[in-house]
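Working notes, structure below.
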Amino acid sequence: MSLLEDQAHILDQFVQLVKDQQPDLVIIVGDLFDRATPSEEAVALFDQTLSRLIQECKVRAVVLPGQHDSATRLSVGSWMMEKRGLHVVTTL
């Protein structure tokens, strides 16, 4: 059973909370996905949420993958994202 609709609802609430509270930094600690190979829709929702945090909320973010997340997959393009305020930490 897909939880994508529920996840989208919770992430909308999370983005609104960030807008309301205006923190200096948001730290997102994995598991970012509920399986090692997430669906395209789950990846798109994650991407949209990060975009909203960085562009709409104007907040810096640090993302740490969990056991279900591929650190290698998440680190692709991380050097470009750092320039926009998104830091994906995949190694110690």
Test each condition in (1) charged (D, E, K, R); (2) farther than 24 Å from Met1 by Cα; (3) buried (at least 17 other Cβ atoms within 10 Å of the Cβ) for Glu56 and report the one that comes out false.
(3)
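To keep it simple, each residue is scored yes or no on (1) in contact with a Ser or Thr (Cβ under 9 Å, 6 or more places away or on another chain); (2) not hydrophobic (A, V, I, L, M, F, W, C).
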site	(1), (2)
Arg35	no, yes
Ser39	yes, yes
Ala44	no, no
Gln48	no, yes
Arg52	no, yes
Ser70	yes, yes
Val88	yes, no
Yes or no: Leu11 farther than 18 Å from Ser75 by Cα and open to solvent by 80 Å² or more (accessible area, probe 1.4 Å)?
no
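Pull up segment 62-92, narrow it to residues that are among the β-branched types (Val, Ile, Thr) and in contact with a strand residue (DSSP E or B) (Cβ under 7 Å, 6 or more places away or on another chain), then point me to the one that is least open to solvent (accessible area, probe 1.4 Å).
Checked segment 62-92; the qualifying residue least open to solvent (accessible area, probe 1.4 Å) is Val63.
The values are calculated or read from the model by the stated rules, or taken from the named source; none is laboratory data. Because the structure is predicted, anything quoted here is derived from the model rather than measured. For neighbour counting, all protein chains shown are included, and Cβ atoms are generated from backbone atoms with ideal geometry for every residue, glycine included. We work out accessible area using only protein heavy atoms, side chains counted, and drop any ligands, DNA or RNA first. Shrake-Rupley method; radii C 1.70, N 1.55, O 1.52, S 1.80 Å.
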